[in-house]
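Peer 1: Got a structure for you, questions after.
The values are calculated or read from the model by the stated rules, or taken from the named source; none is laboratory data. Quick caveat: nothing in here was measured; it's all calculated off a predicted structure. Ideal geometry is used to build each Cβ from the backbone, glycine not excepted, and the neighbour counts take in all protein chains shown. For accessibility, only protein heavy atoms count, side chains too; no ligands or nucleic acids. Shrake-Rupley method; radii C 1.70, N 1.55, O 1.52, S 1.80 Å.
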Amino acid sequence: MTGRTSGLQRDVEIVRRRAWVFIPFFVLGLIVAIVLHQRSSGTSSATSTIQLQTSIYDLASGGDQGFKVYDAQAMTRLPEFRQEVIDKIGDKSFDYSRFAIILNPNVTTEGVSSGNLVVTITDASRAKATTYQHAFVDVFTKEFTSPDGLFRTHFV
């Protein structure tokens, strides 16, 4: 090597001449990385946030108290709702309690009640977790928005 070579060129030349020293450590590092990755890959979770906005009717005008976002969360505890989600998933032995359902109310004022319903499911397979999540959201959307859905038939 000449005195004109840069530091990077010298380092590359050292690696080329001493490759037999570096190759075993490189291979060992790959093996360790693969083993650790297989051990650390655990469960996956799928999370949905459903934004809810409902109407609260004025008591003075003779209406009822209307719908509240708390009622939307209560709908998810109904046996009919649970059974519909399990049917949509297609596994009769599915444990519905695997869903974590949390309501974060934003505003409850005269005329409006709004919040976010956060639904999380965990499974070893990411694809299954996503499938379960979509099944829940589909059933919730249908029962929350349809005029003859569980939300309106049970909480009016």
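Peer 1: Could you list, in sequence order, the residues of region 139-156 that are assigned to a loop (DSSP other than H, G, I, E, B) and closer than 18 Å to residue 87 by Cβ?
Peer 2: Correct list: 146, 148, 149.
Peer 1: Regarding residue 4, is this residue of a type in the set (Lys, Arg), farther than 26 Å from residue 137 by Cα, modelled with pLDDT of 85 or more and open to solvent by 30 Å² or more (accessible area, probe 1.4 Å)?
Peer 2: No; evaluated as a whole, the condition is false for this residue.
Peer 1: If we keep just the residues of region 104-115 that are open to solvent by less than 40 Å² (accessible area, probe 1.4 Å) and of a type outside the set (Ser, Thr, Tyr), which is modelled with the highest pLDDT?
Peer 2: Within region 104-115, the match that is modelled with the highest pLDDT is 115.
Peer 1: Now, a different point. Based on this model, can you work out whether residue 67 counts as modelled with pLDDT of 90 or more and surrounded by 15 or more Cβ atoms within 10 Å (Cβ to Cβ)?
Peer 2: No, not satisfied.
Peer 1: Tell me, please, whether a residue that is farther than 15 Å from residue 73 by Cα, under 12 Å from the mean Cα position of the chain (by Cα), open to solvent by 30 Å² or more (accessible area, probe 1.4 Å) and among the hydrophobic types (A, V, I, L, M, F, W, C) can be found in region 123-130.
Peer 2: Yes, because at least one residue in region 123-130 is farther than 15 Å from residue 73 by Cα, under 12 Å from the mean Cα position of the chain (by Cα), open to solvent by 30 Å² or more (accessible area, probe 1.4 Å) and among the hydrophobic types (A, V, I, L, M, F, W, C).
Residue-by-condition table, conditions (1) open to solvent by 70 Å² or more (accessible area, probe 1.4 Å); (2) basic (Lys, Arg); (3) modelled with pLDDT of 80 or more; (4) not in a helix (DSSP H, G or I):
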| residue | (1), (2), (3), (4) |
| --- | --- |
| 52 | no, no, no, yes |
| 85 | no, no, yes, no |
| 91 | no, no, yes, yes |
| 102 | yes, no, yes, yes |
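Peer 1: Let me ask another. For region 131-156, name all the residues that are aliphatic (A, V, I, L, M), at pLDDT 85 or above and either out of contact with any strand residue (DSSP E or B) (no Cβ under 8 Å at 6 or more places or on another chain) or closer than 14 Å to residue 74 by Cα (or both).
Peer 2: 135, 139, 150
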